[in-house]
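Here is the structure we will look at, set down as structure tokens.
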Amino acid sequence: MQSWIPLVPESASTVSSKVDAIYFYLSGVTLFFTLLISAILVFFVVRYRRRSPYEIPRPIAGSHKLETLWTIIPFVIAMTIFGWSARVYFEQYRPPQNAMEVYVVGKQWMWKIQHSTGQREINELHVPVGRKIKLIMTTEDVIHDFFVPAFRMKADVVPGKYTTEWFEATKTGTYHLFCAEYCGMNHSGMIGQVIVMEPREFDNWLTGNLSNTTPAVAGQQLFQSLGCVSCHGANGEGGRGPTLAGLYGKQTRLAGGETVVADESYLRESILNPQAKLVEGFGPIMPTFQGQVSEDQVMQLLAFIKSLQVTNPQQSAPAASPTSTRATTQATPRPNPK
Amino acid sequence: MRAIEAFEPPPPSKVNYINAQYGLKSWLLTKDHKRIALLYLGSITFFFFIGGLYALMIRLELLTPQGDLLQSTTYNKVFTQHGIIMIFFFLIPSIPATLGNFLVPMMIGAKDLAFPRVNLLSWYIYMLGGVITIYALLAGGVDTGWTFYTPFSTTFSNSYVVATGLGIFVNGFSSILTGLNFIVTIHTMRAPGMTWFRLPLFIWSHYATSLIMILGTPVVAITILLLAFERVARVGIFDPALGGDPILFQHLFWFYSHPAVYIMVLPSMGVVSELIANFSRKNIFGYKFVAFSSLAIAVFGFLVWGHHLFVTSQSVYAGMIFSFLSFAVAIPSAIKVFNWTATLFKSSISYDTPMLYALGFIGLFTIGGMTGLFLASLATDVHLSDTYFVVAHFHYIMVGGALMGYLGGLHYWWPKISGRMYPEGWGRFAALVIFVGFNLTFLPQFVAGYLGMPRRYHAYPPEFQVFNVLSTAGASILGFGMLIPAIYLVWSMRYGKHAEANPWHLPGLEWRTQSPPPTENFEHTPIVDWEAYEFAPPEEMEVVGRFRRELETA
Amino acid sequence: MIESPAATEHIQAHPALQHHFENMEQQREAGTLGMWVFLVTEIMFFGGMFLAYTLYRSKFPADFASASNHLDITLGAVNTGVLILSSFTMATAVWSTQVGKRQTQILCLVLTLLLGLTFLGIKAVEYYDKYEDALVPGQLIPGRPFGPEVAQEGDHDRHKLHLLPGATVEHVQMFYWIYFAMTGMHALHMVIGAGLITFLIIFSVKGRYDPEYHSPVEVIGLYWHFVDIIWIFLFPLLYLLGRHFEH
């Protein structure tokens, strides 16, 4: 504990100083108006105190000019805050393209974290400084919230779907990780640390915690053992089921004629509840995997499907098969998932 | 003017609504809005002190960071029940069901509310909801937070969710019936000459409150009902395992529960408008702006619920719209604050206890409202939501706003309600203690929240302790301050000085009849030929049951 | 002393005039407005469920269509007719009270009540059907959890669930959850309405209502029409929409 009372939390990400700037502006506005109103009140209360029980002040009906003035001024101030803040919010919630992905599963009352290189952590997240990190998060039970005050970032973790959160740490150190959405008995124990390291140290840490199965490899094994290969092909080239290679992030036409973006949430839904959004031209033949795969395993499958889109010498190169007569994905540039 | 001296104020009539009938039955079966107001007053005070006990336990637990006083399960129940009791059983009915019930008919010159039996029914429904909830608390309590977020509340919590939900569901109907009664009464039962723009602002704010009550409460009622069924039947629309969306619950819940904040604070704004005008003997600056800003708040209040979902994966565009609307709803509140302040210009201000509460209200509400902007603003909300900053903000609105207004109003109309004066010295002292205690409790929480302390934490990292110690110290002062009015108001019912019909020398209709009023409020249906807040020298205001202009013409 | 002219009127007031109203006009106005306000709250109450319906219908169109196909459209249509007819008899009852035709008034009220009970009877038959087919969602009925038999291709058994392509049993269950919530809440309102009409009949026989004082009939009439209108929305939403999916 510091010897003096801190008034500002540690600032350790690229957005935190931007959030703080708005915070200080707002604090200034608040302080100004609170002091202004208080000063006027005190002045009036003293100046116009009742001097005799018989005095009846002259009535004043009001003033449209003043009303307009004090409607417009607060409105303009409010709009400056709104616009500024909305811009930063977009930055906070739109994950960048080239971020390092980390998978997070919340459960009562712990955070399970897996790096795309396979390392697993519980209630701890090691990240390198100066690198964009994107968290792909879901939960096995109730709603949680991944909150790192030093990064001024939080996002709810909602059952049944993926949410994302991203940050770029600017300072090495150890920071609080809190669950900010009440989640039951040990809610206040669902805390941990985010450890920001120098890139070199981080690499050391990675090798020190070497894991021989990356999520993508584990996903590939699951892809085999669950029998996905029989319809989607060993490398996702498709067959009785739609092509998976190159699918991630693309626009996909559905049976009903609508299109969806094949993002994490769509892929997850299609694994757990395949009938919900059938790809155009395919029958409802895929069984549901609800209850058969854990959230961790879904994330591994996802990592595998994602890995199919880039040529990767370690994963046997995906045959993005334009030969398939039933190719249903249109190659459009990947839009933002949000 | 000279003619006035010819009239002696008639001696206060011995028969009033309190002594018109005796016996428990005469109270439990009463259809008199004033007696029902007293029934409510007793009941909400009871619930207020239960809620206060929970608050005390929360503050004691948080004195140390380890979470050593209560177990986490107990603590979770304590803060949940603090919220449920305070919001549904104290704050929402506080001003409307007591002061509103007592004064809405009197201020518009009616003999009663439009549906007296429905009014009594609403109290019984309130009590039934209260009994069910108390049963749930005694049987084992509930630990979902007052927000009942799914799927925790439907599937994971092992506490009395259904019973508590039922209590809140039932209680909701009492607030619907109160709102319905007010709307009909204000529309159809105004005395001759009491036009819409002669209505005291207290009436306008109650009209706006009633709109929210009838439009919002049914939505939370059906939501809680579906939640309870979902828990019992283990299937339903919020269950993600079946393709349901837990976020839908949050939308439905906040569609009511955000406007519910305005149910709490709008009546209080009405009281403050009365206090500011009457204790400075000045008509409200910009009457129509203050009146319509109440309606604007009621309408806009329904369009901002999404600002509770900025961090729940709601789309960024939805976030922007809700943020914009949330800033917009702040404007009518700002207009009110400026108009109240301007009213004091060149006025004649007395320092009676109710006025102290009103001045306190303006200051605290300004802080509460301005800190609301931090949460309406998207980027800062991402950091601040679900932290102690939020806790501090809504306590500034609900305690600093709603409760201050309620206490101010209670003191102001106490002579009319009870026929006795409260002790002025003690009143001012208590107001000061409460003001100091309140600020000491909640100001540090803004800082703790900004530093990142999440709400609903039973144990917390030690660096937050200093703020919690300050907060607990403040809460002790606040709790002590609350006891003082409770004691002297009860004391005054027996030993207080007898109140005159019009102890403050004011023009409002409620002061133009004896204290306490007779059962039908007025001897004759009054005819209103004056504007709201038209002040005259005290000796003219003394005359009971008669009106200045009549005397002038006589 | 100026006195309100209304106050003097109080002396030869109608026996049904309550003490706190100035005159019958004011009393009737208050009653009618009160009911309208109440109906607004009812709309909001049902509104929550309509929202949930709309959301999930757009999320699971095929599932909702399959579930909807299983509903008995004939019984639903008959019930719609029954309710529209009852609205007509109710309106006639209000009119005959206003003009003082007591015999017609009592007759129409009795007819309205009977039609209302017919509706509830038919609804009960439908509910029983769903119970038989194990379509009551979750464990709402202990000992008979949700679990309909799913029909295979070519099987035309009416009691089995015919799933359209893309539909799952879970989401059919969601439909039935909403179906029971909405029609159940509607039926509850019908039961309350039937109770209110029974009171009206008793007091009509006692001759309580006359052209001067008829607001209870009017106000309960409003309520009855409202409950009908809710059904007018429920019928197409639950029974008709999505039928075009049928092959």
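The values are calculated or read from the model by the stated rules, or taken from the named source; none is laboratory data. What you see is a predicted model; the values in this text were computed from it and never measured. Heads up, the Cβs are rebuilt from the backbone with ideal geometry, glycines too, and the neighbour counts pull from every protein chain shown.
Below, the figures for the structure above:
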quantity	calculated
Residue ID - farthest from C:L75 (Cα to Cα), chosen from residues in the stretch C:119-175 that are among the acidic types (D, E) and outside any helix (DSSP H, G or I)	C:E153
Among the candidates A:I77, A:I56, A:I60, residue that is assigned to a helix (DSSP H, G or I) and on the phi < 0 side of the Ramachandran plot	A:I77
Residue selected from the stretch B:316-347 under the condition part of a helix (DSSP H, G or I) and of a type in the set (S, T, N, Q), by the criterion farthest from A:F90 (Cα to Cα)	B:T343
Qualifying positions in the stretch C:148-173 - in contact (Cβ under 8 Å) with a residue 24 or more places away in the chain, away from chain A (no Cβ under 12 Å) and aliphatic (A, V, I, L, M)	C:L161
Some residue of the stretch A:39-61 being more than 9 Å from every other protein chain (Cβ to nearest Cβ), under 30 Å from A:S85 (Cα atoms) and crowded, with 17+ Cβ neighbours inside 10 Å	no
Set B:A330, B:A358: member being crowded, with 20+ Cβ neighbours inside 10 Å, of a type in the set (A, V, I, L, M) and more than 7 Å from every other protein chain (Cβ to nearest Cβ)	B:A358
Among (1) more than 7 Å from chain B (Cβ to nearest Cβ); (2) within 22 Å of B:N339 (Cα to Cα), the one test that A:A78 misses	(1)
Scan of the stretch B:382-392 for residues that are crowded, with 24+ Cβ neighbours inside 10 Å and more than 8 Å from every other protein chain (Cβ to nearest Cβ), ordered by number	B:L384, B:Y388, B:F389, B:A392
Hits in the stretch B:304-354 (condition: small (G, A, S) and within 30 Å of A:D145 (Cβ to Cβ))	B:G306, B:S313, B:S315, B:A318, B:G319, B:S323, B:S326, B:A328, B:A330, B:S333
Residue in the stretch A:188-209 that is out of contact with any strand residue (DSSP E or B) (no Cβ under 7 Å at 6 or more places or on another chain), modelled with pLDDT of 85 or more and within 30 Å of B:T154 (Cα to Cα) present	yes
So A:Q297, is it in a loop (DSSP other than H, G, I, E, B) and either touching a residue at least 40 places away in the same chain (Cβ under 8 Å) or outside the structural domain of A:V102 (by TED's automatic domain parsing) (or both)	no
Single residue of the stretch C:131-147 satisfying the filter (within 14 Å of another protein chain (Cβ to nearest Cβ) and surrounded by 15 or more Cβ atoms within 10 Å (Cβ to Cβ)) that is modelled with the lowest pLDDT	C:L140
From A:E181, A:E201, residue being of a type in the set (D, E, K, R) and either over 22 Å from B:T73 (Cα atoms) or not assigned by TED's automatic domain parsing to the domain that holds A:E124 (or both)	A:E201
Residue match in the stretch A:98-105 (condition: surrounded by fewer than 19 Cβ atoms within 10 Å (Cβ to Cβ), more than 7 Å from chain B (Cβ to nearest Cβ) and either free of Cβ contacts under 8 Å to residues at least 24 places away in the same chain or touching a Cys at 6+ places or on another chain (Cβ under 9 Å) (or both))	no
In the stretch B:262-291, the residues that are without any contact (Cβ under 8 Å) to a residue 60 or more places away in the chain and either within 13 Å of chain A (Cβ to nearest Cβ) or over 18 Å from B:T366 (Cβ atoms) (or both)	B:G286, B:F289
Where A:F304 falls short, out of the listed (1) within 11 Å of chain C (Cβ to nearest Cβ); (2) surrounded by 21 or more Cβ atoms within 10 Å (Cβ to Cβ); (3) among the aromatic types (F, W, Y)	(1)
Index of the failed condition, B:T209 passing every other in (1) more than 9 Å from every other protein chain (Cβ to nearest Cβ); (2) among the β-branched types (V, I, T); (3) farther than 29 Å from B:Q81 by Cβ	(3)
Verdict on A:V8 being assigned to a helix (DSSP H, G or I), at the interface with another protein chain (Cβ under 8 Å from one of its Cβ atoms) and not small (G, A, S)	no
